[in-house]
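The values are calculated or read from the model by the stated rules, or taken from the named source; none is laboratory data. What you are looking at is a predicted structure, and each value in this text was computed from that prediction instead of being measured. Reconstructed Cβ throughout: ideal geometry from the backbone, glycine too, with neighbour counts over all protein chains shown. All accessible areas refer to the heavy atoms of the entire protein, side chains included, with ligands and DNA or RNA removed. Shrake-Rupley method; radii C 1.70, N 1.55, O 1.52, S 1.80 Å.
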Amino acid sequence: MLFIYPKDWFDVNKIGLGVIAICVLIVLFLNQPWWFTLLAEIILLAYSYFLMQKIKRYKSSIILVNSENQWVIEQDKQRFEVELKDYWIMTGYLFLMLKGENKSVSIMLSRRIIGAVNFSQIRTKIL
């Protein structure tokens, strides 16, 4: 069984949260009617709240992969089966999208952080 601890992976939702923060600033300084600015800011802030809740939810989750390539998210000593929905491999980085009935998370793994051995083991599990 292969364990991926929270300190080893990066939640991709944090990137989305950064993009929303930039969009909030851009919308704030656009020369638009006040009602458009207010509506856009409310929508962006609501979406950022949703992303923050999702980031907090998976902050202490452990991802497990067993020998049969079954992916599991362990959260508060409860296990939720998920499946590998999609993945992207870049040089030194691995992006995974795990989706289940109740849980879904998108993460990024770096070869420098988790080590070359664990990185190659995870790559063989998904390929």
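General observations
- Qualifying lysines (Cα of each under 19 Å from Cα of Lys59; at least 8 residues distant if same chain): Lys7, Lys14, Lys77, Lys99, Lys103
- In terms of Cα atoms, the Rg and Dmax of the stretch 60-112 work out to 11.4, 34 Å.
- Each Lys or Arg adds one and each Asp or Glu takes one away; over the other residues whose Cβ falls under 14 Å from the Cβ of Gly115, this sums to +3.
- Surface composition of the stretch 23-67: carbon plus sulfur atoms hold 73% of the accessible area, using a 1.4 angstrom probe and ignoring ligands, DNA and RNA.
- D by Stokes-Einstein for the stretch 82-123, Kirkwood Rh over Cα pairs, 4 °C, 1.567 mPa s: 121 µm²/s.
- Solvent-accessible surface (1.4 angstrom probe) belonging to Tyr87, in square angstrom, nearest 10: 80
- Scattering profile of the chain at q = 0.17, 0.19 Å⁻¹ [log10 I(q)/I(0), Debye over alpha-carbon scatterers]: -0.87, -1.01
- Taken about its Cα centre, the chain carries a charge dipole of about 300 debye when Lys and Arg each add +1 at the Cβ and Asp and Glu each add -1 at the Cβ.
- 15 Å beta-carbon shell around Ile126, net charge (K/R +1, D/E -1): +2
- Computed with a 1.4 Å probe over protein heavy atoms only, the accessible surface of the stretch 10-114 comes to 68 Å² per residue.
- Cut-off 12 Å between beta-carbons: net charge of the residues surrounding Ile55, Lys and Arg +1, Asp and Glu -1: +4
- For the stretch 120-127, backbone phi angles converted through the Karplus equation (6.51, -1.76, 1.60; θ = phi - 60°) give residue-by-residue couplings of 5, 5, 5, 4, 5, 5, 8, 8 Hz, Gly and Pro being listed as x.
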